[in-house]
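Reviewing the structure listed below.
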Amino acid sequence: MSPKLFDKLECVELTEHDLSKPCPLGPAELKTGYLPNGIRYYVRSHAKPKERVALALVLKVGSVVEEEGERGIAHIVEHLAFNATEEYSNHEIVKFLEKIGAQFGACQNAYTSADETCYQLVVPTDSPQLLADALRVMAQFAFKIRAAPGDLAKERGAVLEEWRMSRDAAGRAQEAHWELIMQGSRYAERLPIGTEDIIRNVPAEVVRAFYERWYRPENMAVVAVGDISDSDSVVQQISQAFGQGHSRDPTPAPQLPVFDFAPHTQPRYKVFIDKEVQESTVFVSFKQKRPPMSTPKQLLDHFESYVFQEVLNTRLFKLSREQEPPFAAAAVSEEPLCATTQSLVLTAVAMEGPEHVLQALETLLVEVARIRQHGISNKQIAPALADLKADIESTYKERDQSFCWDVRDEYIRNFLHGELVTGQEYETRLSKTLLTKFGINKERVEAQAHAFKTTESCVIKVVGHRPNISEADLMAVVKRVEEMEAEGKIGPWEGDLEVPDALMQKEPQAPAGAIVSERHLQNLDATELQLVNGMRVLMKHTTHMEDELFLTGVAPGGLTEVPQDQFYTASTAGIIAGQLGVFGFKPAVLSDFLAGKIVQLDLSEGAYSRSFKGVQSPADLEIALQLVHLLFTTQVKVDEAELKVVMRLLKQSVDAQQRNPLHHYHTRVRTVNYGDCYYFKPITLEDLDHVDVHKACELHNQNYKNPSEFTIVFTGNMKCEELQPLVEKYLASIPPAQEPKPKDTKELTILPWSFPKETVVEDFKVGMVSPITQAQVTFPVTVSREKAREELVWLKLACQILETRLLQRMRFQFGEIYTVGVSPFFGCEAPSNPGDARGDVSISFTCDPANRHRLTEMALEEIEKLQAQGPDAEEVKTVTNFERLQWDESQQENSFWHDIMVMGFQSKSFQETKDVDQVYVKNCKAREKVLLSASQETVRDAMQRIFPLPCRSLYTALAMVPKRPSLFYTATSAVASLMSSAWSALTGSDRGANSMAPGTDSGPPSLQHTLPHHQHHAHHLGGAHSCCGPTTTTAGVAEHARQQRQRTATLGAAAVASAAAVAVLISMRRSK
């Protein structure tokens, strides 16, 4: 990205004396203050999306304030808020939220962490009364939760199910990590989810007493950000709703306690063994006080930490690319643990084997020691600085285009942690001032490595599936590295690569007559071009996000076009090619070249199509198009040594799947529901042995060779007249190819799948550490081809109504689940199918194993009721209103328009009309027709028409249940446990089963774990997530989780990215 805009940013007035002064809270239009009872408020106008306001009630109260007999109560109170207040009960709040379009569901409207509880809503503002009503509901949360015995009895089951869901391998490892790293602090025994005994047995009066003791006005803030025309009026509404609020406990409010971490100079060691752990992972954490982020100096300190981590991450990535890599992947990150503590975390996914685990640990420690001894070169700092400046520039460009919920979250962090919030324009100018006037100091960047000494409250943990190393082994590695550093035996870094000045030695010239035809699509307001080499291009200019441009290239024909005996070879082609390096460059070289640029290109192949896609900065689009040109004009070069490493990693990943109980369950569900179709069979080690790596590279090269097969879609902030010259230069100049010939979508090979002819009810027994049932009830659905547009809308409405009913009954009435999902799936449907469209609808939930059959029966009963009586009028009104709100909101996003065009080109309708504009118009008309005609009777008719009638006539119900261990297994497990304990004493030491989203053509489920890659992590100017350490959540719409920019603040292995299915991230883009 050109730094011109960064250079043009106007600096702020800032002296050395000002560096330590808190930044002003802003921007100027912000209204903030305190109500008479002590509640803090923040109100700001930010009109994206239109007619929406994001609300939050946040409390500085979490699980850490609980007493021993209260563990988990903060989270229970959060649950009760949605089910039992003085004015609302029995799902009435949830009904109200859904009525106004604030959808309720798991992980959506609230969360509890160790230090805070937060309730969040996004409310339409087209009616002034809706905002007042929503604030009144949140005031109920603040002061009027009932916590009566009956209320608690209804909610225990949901909380228990959430606790049960946290008992998988990842959850067990996280709990062990938390207890180890926070040892010596109150936090160590205050995980928000609590304990099973307290969840089951805590008396209602104890819950009520906790609520009344801590839910005090002085611990609260109310935030309102959105399309607000009169901020003073909103402040008045907040005052009316909250101003008279107080705790029912008349005693003085207790002071909020502060719990610091306990520093230690000797490392702590832990080898955590869990037979379901899929990969051996090394964690090296260095605890420190969580630094504030309120002054310019603290922001500059953050920038220097960011640069250090970028340099170290680049080094670790390059080490993972060696022919004998010390680990499969590694990264460094910051992990905010709680309000007072954060940790710097080195994470590595080790190659399989005890010697490789120790090698991974040693390499991590050696690399930070290498920086302490030899420093960092300016050559290494430059790319990290370029990334930082590019992010500042992007933030400035989109300073008014963040979504209101993202801006709201900034003020939540300000209330909780004092994080600076000045408004993005001032923040970017301040950042420019800090970097240019005061600068990134090389010595201070290098000094960051001293925080990674094992004397600095260090915790070293290895997570694995077998006890083949001891804590004494870890101690020996630490001692060896310390001796190497003390004796000066660690040499300087030698991993820098030669990076080209340009991707293309000679840029192509636009051919004569590059554009064969051009037409304007009136309804989509887009321009369609036909290029001389047969490639089709569609361009849509928007101003939704100034620094965002979506790019997708898609071609018909995918994995069903290869012989079945080559299926796994074809499935792994993208992974193998991505690891060897496409575009003519090794991944590590490309990584260095793309520093400071926002460029992304993901390659994927599904059943019926191939694609490349990504989101670019308009300023970097030329680089992205050069990559596209190189994709078609360069061949993947086979390197036998690198191939050996790639296959080794693949085998390790495939082997790891076998330890995951859900993998076996999902495999069984796919086998039953899709007739043992080869496409859904997971790849095995034996299959990998038969993969022809040379053939895989050949297939990859063939996939991206003929430009006439592809349609390229651009959506975002670049005018067509600016984009067209680049299209002519880089896309039209791709040489035409005779082979492979373009595939006719009408002749694509259809997957040989079939739903069972008779009902299947099965308990699938799987060995697991913690008993939990995953259940899926699946119905075959058939959609009339002639009315497919309308029928799919009917199906969507029916699924939403069914999901809401099941949530109300299974959770709020009986309290036996945490959440439930109802999902349609048409991923097997081929564009070449001339008949009716076939798919399925699945109902998925987790539960206590003893409840699985009763909950399945509830699901069947609710479908029977809908087929017999239909929904009531209020349900229909709610779901159609929500659908319209979501549609209006989505239209303000580039991804919405981009997906419409990309999917339009792949649709059955496009085959008939050859006009994506008409496809869009017909789809809109069909949608509107359904919404206008939706009623109790029409939804009932749709349920009868699309689902089996009666529903019990054909379905599958598969439940994953714990396998009872054999006597031999029990005995050997006990012996192994005793041996492990003795060793310690002596040494001191996917949508569930449906892997493809409805209506999409993603890769096969055969590769659930693929190879890691390097990615430039996001940088948020001025802060990180407010959620510290483990959190539990009740609800918010999934879209609300979109974070425009966020610092690297992930737990453990989450810092190590991996490719998804066959889609391999070929180049890097810092997330926005």
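The values are calculated or read from the model by the stated rules, or taken from the named source; none is laboratory data. What you see is a predicted model; the values in this text were computed from it and never measured. Methodologically, a virtual Cβ is constructed for each residue, glycine included, from the backbone with ideal geometry; neighbour enumeration extends over all protein chains shown. Side chains included, ligands, DNA and RNA excluded: accessible areas come from the protein's heavy atoms. Shrake-Rupley method; radii C 1.70, N 1.55, O 1.52, S 1.80 Å.
Before moving on, here are some points about what is shown:
- Helices (runs of 4 or more DSSP H) contained entirely in region 1-103, each with at least 2 residues that are open to solvent by 40 Å² or more (accessible area, probe 1.4 Å): 4-8, 92-99
- Restricting attention to region 184-234, the residues that are of a type in the set (Val, Ile, Thr) and open to solvent by less than 10 Å² (accessible area, probe 1.4 Å) add up to 7.
- Residue list for region 535-573, restricted to those being in a helix (DSSP H, G or I) and either of a type in the set (Ser, Thr, Tyr) or open to solvent by less than 20 Å² (accessible area, probe 1.4 Å) (or both): LEU559, THR560, PHE567, TYR568, THR569, ALA570, SER571, ALA573
- Number of positions in region 751-769 that are of a type in the set (Gly, Ala, Ser) and either touching a helix residue (DSSP H, G or I) at 6+ places or on another chain (Cβ under 9 Å) or open to solvent by 60 Å² or more (accessible area, probe 1.4 Å) (or both): 1
- Some residue of region 484-496 being under 20 Å from VAL271 (Cβ atoms), open to solvent by 30 Å² or more (accessible area, probe 1.4 Å) and either not in a helix (DSSP H, G or I) or not assigned by the TED database to the domain that holds MET351 (or both): no
- Filtered residue count, region 431-445, keeping only those that are surrounded by fewer than 21 Cβ atoms within 10 Å (Cβ to Cβ) and among the hydroxyl-bearing types (Ser, Thr, Tyr): 2
- Helices (runs of 4 or more DSSP H) completely within region 352-430 that count 1 or more residues being open to solvent by less than 10 Å² (accessible area, probe 1.4 Å) and either among the basic types (Lys, Arg) or farther than 30 Å from PRO500 by Cβ (or both): 354-374, 404-417
- Meets criteria (surrounded by fewer than 20 Cβ atoms within 10 Å (Cβ to Cβ) and either touching a helix residue (DSSP H, G or I) at 6+ places or on another chain (Cβ under 6 Å) or in a strand (DSSP E or B) (or both)) for ALA132: yes
- Selection status of GLN800, crowded, with 22+ Cβ neighbours inside 10 Å and either assigned by the TED database to the domain that holds LEU860 or β-branched (Val, Ile, Thr) (or both): no
- Odd one out for THR913, checked against (1) closer than 30 Å to GLN530 by Cα; (2) under 34 Å from the mean Cα position of the chain (by Cα): (2)
- Set side by side, the residues ALA170, ALA139 differ, and just one is within 24 Å of ASP274 (Cβ to Cβ) and outside the structural domain of PRO849 (by the TED database), which is ALA170.
- Some residue of region 887-898 being exposed (fewer than 15 other Cβ atoms within 10 Å of the Cβ), under 27 Å from the mean Cα position of the chain (by Cα), assigned to a helix (DSSP H, G or I) and modelled with pLDDT under 95: yes
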